[in-house]
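Here the structure comes first, spelled out in structure tokens, and everything after it is commentary.
No value in this document is a laboratory result; all are computed from the given coordinates. Just so it is clear, the structure is predicted and the values come from calculations on it, not from any experiment. Glycine also receives a Cβ, built like all others from the backbone with ideal geometry; neighbour counts cover every protein chain displayed.
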Amino acid sequence: MPAEHYERLVHAVVDYAIYMLDPEGYVVSWNPGAQRIKGYRADEVIGRHFSLFFTAQDCAEGRPAMLLNQALEHGVAQDEGWRLRKDGTPFWALTALDVVRDDQGQVIGLAKVTRDISDRRESSLQLDAMRAQLFHAQKLEALGQLTGGLAHDFNNLLTIILGSARLARASADPARVDSLLGHIVEAGQRGAQLTQVLLGFARHRQLNTALIAPAELIASTCNLIEHALPESIALRACVAEALPQMDVDVGQLQMVLLNLVFNARDAIAEQGCVRLGVSQVVLGGEVEGLHGAFLRFDVEDDGQGIDPEVLPRIFEPFFTTKAFGKGTGLGLSQVYGFAKQSGGAVSVTSTVGQGTCMSLYLPISSSPIPSSEQRC
């Protein structure tokens with residue numbers, strides 16, 4: 001295609017700012033899209049350094065020079081961040097710098113492409129806010145389900161404390177009194193532990209990741225879960241040995257595991273068992289194309305299973321097979337969203353009449369340690 005055709009094509013584009021820089025970063029060409037996005041006419045900007053479009057903070061930190069050097073060294077540089085229009089208003093830009101060479105391979109300049117993606121960034125921020133609201137709503141729903149079991153446990157602890165106190169007051173035997181006081185202390189400590197677990201789960205805070213051992217996470221989660229299961233449903237935990245620590249938002253992962261266990265509980269008609277396990281696996285693309293070392297959290301039940309016709313839809317928001325008022329249809333969609341945000345995946349295997357296994361895969365950020373799985 002002749003050079004003049006390329007020039008006509010570039011000047012026909014108005015949704016992208018497309019212009020040339022010399023090797024020092026000075027503007028040498030300017031298309032109508034650049035004028036529309038940045039507000040400068042060609043005669044106002046040609047010959048000026050492209051750092052003109054960066055914020056004062058970016059200029060002070062040397063960001064324009066860094067991007068220019070990166071492009072000259074590697075042939076290309078990409079960036080996303082705030083840029084300034086002629087009138088001083090900021091916009092969120094997605095930019096690319098590509099080196100241009102002559103027939104002898106010498107660098108003669110750089111092609112600069114900028115796109116205003118402020119609307120897309122705003123939509124992303126709104127989506128993050130909605131996810132945070134959904135997470136908080138799911139947490140409140142889970143707390144509601146935990147309350148009954150916790151109230152029952154606290155009532156038992158108070159029965160022990162009050163009964164032991166009355167017997168101690170009526171006893172003249174020092175050894176007997178000492179034994180009863182021991183029961184009171186143990187019951188009080190158990191109540192304090194329950195309170196701390198519940199407060200740690202319920203606390204409304206910014207989502208932050210932290211290093212935690214999988215075994216510690218499972219133990220803490222089981223302390224919560226056991227209060228939401230009826231006596232007819234057993235909970236079994238199985239943690240592989242020598243697992244590496246994981247960098248994760250503990251509260252959000254606990255919320256995900258609670259959702260999965262509540263679904264497993266609801267799938268069991270009367271008596272049954274829910275198994276919660278974690279192990280280390282190495283994937284080679286068999287689960288949604290993931291590769292590398294992952295921690296796999298399995299929540300398995302021996303309930304009624306999932307109808308194959310329903311299975312493809314279980315992660316859709318607001319889809320539920322539960323009776324009206326029994327479920328929001330948001331639990332599994334929140335699980336799916338958490339897995340994707342974390343760079344992992346969630347998969348399900350189910351047989352009608354035999355049960356279901358939900359598997360959550362989360363990447364391992366630290367160096368993997370060989371594990372020896374324990375059988376439950």
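General observations
- Only the Cβ atoms of Lys and Arg (+1) and of Asp and Glu (-1) were treated as charged; on that basis the dipole of segment 3-116 about its Cα centre amounts to roughly 380 debye.
- The label point for A215 and the one for L235, both projected 7 Å from the Cα toward the Cβ, are 1.9 nm apart.
- Likely footprinting exposure, L258, L229, fewest C-beta neighbours within 10 Å first: L229, L258
- Shape of segment 61-133 from the C-alpha gyration tensor: prolate (a/c of 1.5 or more and a/b above b/c, with a ≥ b ≥ c the square roots of its eigenvalues).
- The ranking of V100, V27, V299 from fewest to most other beta carbons within 10 Å of each one's beta carbon is V100, V27, V299.
- Prolate/oblate/rounded label for segment 3-116 (Cα gyration tensor, a/c 1.5): oblate
- Förster radius 51 Å - calculated FRET efficiency between R169 and L290 (Cβ-Cβ, nearest 0.05): 0.20
- D22 paired with H74, simple spin-label distance in nm, labels 7 Å along Cα-to-beta-carbon: 2.7 nm
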